[in-house]
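The values are calculated or read from the model by the stated rules, or taken from the named source; none is laboratory data. The shown structure was predicted, so the numbers you read here are calculated from the model rather than taken from an experiment. When we count neighbours, we look across all protein chains shown, and the Cβ atoms used for this are built from the backbone with ideal geometry, even at glycine. Note: areas computed on protein heavy atoms with side chains; ligands, DNA, RNA excluded. Shrake-Rupley method; radii C 1.70, N 1.55, O 1.52, S 1.80 Å.
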Amino acid sequence: MKKQNYTVKQIQAVDAYTIRHPVLRKGKPIESCIFDGDDLETTLHFGIYNTEELIGVCSLLKNNNPKFSELNQYQLRGMAILQHQQGLGIGHILLKYCDTILKEEKTNLIWCNAREVAVNFYKRNGYRVIGHSFNIKGIGPHYVMKKQLNLSD
Ligand SMILES: CC(C)(COP(=O)(O)OP(=O)(O)OC[C@H]1O[C@@H](n2cnc3c(N)ncnc32)[C@H](O)[C@@H]1OP(=O)(O)O)[C@@H](O)C(=O)NCCC(=O)NCCS
C-alpha cells in the first residue's frame, strides 16, 4: 500500500475554492464558493496535502454565534475533502489541527452549521448538536453544532 504523507498548511481563500467547488458546490458557478468573510484578516484557511496534492480544506471565521455566551468563538466553514479521499481519517486530521490553532488563539468555542450527512463525522470529533434542523436554501438540512475547547489541555 502506498505510504501517505499528510501535511496541513495555511492557504489562501482562492486555494480553498479549488476544493470547495467540486465537493460543496458541484455544478454551481465558482462564485458560489466565495463565502462572506473569506478575505477578512481574522479568517484562516487551511489545506491538507498528500505530498504535493491539495486534498482537503476548511476555513475558520472569527464569528460569535449569539446562541452561545463564550467570548471568543470561531465558526468552521467550507469543510471539504475530495470525494476519492473521504473516509480515510483526513477530515479528522484537519479538525484536530484547527483545534490546536484555535487554542493558541485562546478560542473557547468552535461551532458550525453542519450538513445532515456530516453530523456523525462532527460528533465523532467532539461536537454536539444544538437545537433542531434548519434548511439552507439550495443545499439542504443543517444543524448547528459546537465544541468547547479546553484551553488548559
Ligand atoms: C464530511 C467530511 C468533511 C469528512 O471528512 P473525511 O475525511 O471523509 O472524514 P474522516 O475520514 O475523518 O471520517 C469519516 C469516516 O471515515 C471513518 N474513518 C476514519 N479513518 C478511517 C480509515 N483510516 N479508514 C477507513 N475509514 C476511516 C470514520 O470512522 C468516519 O466514519 P463516520 O462517517 O461514520 O463518521 C468529508 O467526507 C466531505 O468532504 N464530505 C462532503 C462535503 C461535506 O459534507 N462537508 C461537510 C459540510 S458541513
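Observations
- Those residues of segment 18-29 which are within 13 Å of the chain's Cα centre (by Cα) and under 11 Å from G56 (Cα atoms), in sequence order: I19, R20, V23
- Taken together, C98, C112, C58 contain a single residue that is of a type outside the set (G, A, S) and assigned to a helix (DSSP H, G or I), which is C98.
- Scanning segment 86-121 for residues that are among the basic types (K, R) and either within 14 Å of the ligand (Cβ to nearest atom) or surrounded by 15 or more Cβ atoms within 10 Å (Cβ to Cβ) (or both) returns K96, K103, R115.
- Being in a strand (DSSP E or B) and either touching a strand residue (DSSP E or B) at 6+ places or on another chain (Cβ under 9 Å) or at pLDDT 95 or above (or both) is a property that holds for H142.
- Just one of the listed residues (G131, G140) is within 13 Å of the ligand (Cβ to nearest atom), surrounded by fewer than 14 Cβ atoms within 10 Å (Cβ to Cβ) and in contact (Cβ under 8 Å) with a residue 24 or more places away in the chain, and it is G140.
- Residue list for segment 55-74, filter: of a type outside the set (F, W, Y), in contact (Cβ under 8 Å) with a residue 12 or more places away in the chain and more than 19 Å from V8 (Cβ to Cβ): K62, N63, N65, K67, E70, L71, N72, Q73
- Tally of residues being away from the ligand (no atom under 16 Å from the Cβ), open to solvent by 70 Å² or more (accessible area, probe 1.4 Å) and modelled with pLDDT of 95 or more across segment 35-68: 8
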